[in-house]
């Protein structure tokens, strides 16, 4: 009598990362992983803001263009952008050309620079790490709402609770992977 054993050539992943090679690579190598450094945090905050209302795949495919357009997400350089830089960005087909989001990114860069006197962006975000792992279905949490409110008080834009929840997931402030995912940490 033979036993029917089901084998799988690929590991189990979160449901959103099962078909597109770029999304699979992002899931397997980045999503839910800790990041460090001001430019890395500013980049992720900015990309999450640009993603608002769009698919993450759109942003992921344009990420290198965003990095080039926004000076490697160096907050000092972006904070110094002028109206001519805004016009340059509005004509850059390699990024999402949304004036409100472009202006928000420049304003957010200035806010990042100001936050240095208060421990920096990374410290502010990490101070809102949830005590309990949110449900994988959650789109906001009390922690993401508190972070959004604090960043807004510091002059940040496009940092609502849903966007901040996505940032927290993506940057490993909690393990966002479903229980069956090979990247899920042990409880």
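Within the stretch 40-53, the set of residues being farther than 14 Å from residue 105 by Cβ and modelled with pLDDT of 95 or more comprises just one member, 40.
Within the stretch 21-58, the set of residues being in contact with a helix residue (DSSP H, G or I) (Cβ under 8 Å, 6 or more places away or on another chain), exposed (fewer than 14 other Cβ atoms within 10 Å of the Cβ) and within 20 Å of residue 140 (Cβ to Cβ) is empty. Only a single item in (1) in contact (Cβ under 8 Å) with a residue 60 or more places away in the chain; (2) under 25 Å from residue 82 (Cβ atoms) is not met by residue 136, and it is number (2). Taken over the stretch 1-20, the residue count meeting the criterion of being more than 16 Å from residue 178 (Cβ to Cβ) and either surrounded by 10 or more Cβ atoms within 10 Å (Cβ to Cβ) or at pLDDT 95 or above (or both) is 1.
Residues in the stretch 86-125 that are modelled with pLDDT of 95 or more and at positive phi: 1 in all.
Let's see how each residue does on (1) part of a loop (DSSP other than H, G, I, E, B); (2) farther than 15 Å from residue 168 by Cα:
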| residue | (1), (2) |
| --- | --- |
| 15 | yes, yes |
| 25 | no, yes |
| 35 | yes, no |
| 41 | no, no |
| 46 | no, no |
| 54 | yes, yes |
| 59 | no, yes |
| 65 | no, yes |
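The values are calculated or read from the model by the stated rules, or taken from the named source; none is laboratory data. Since the model is a prediction, treat every value here as computed from it, not as a measurement. Note that each Cβ is placed from the backbone with ideal geometry, even for glycine, and that neighbours are counted across all protein chains shown.
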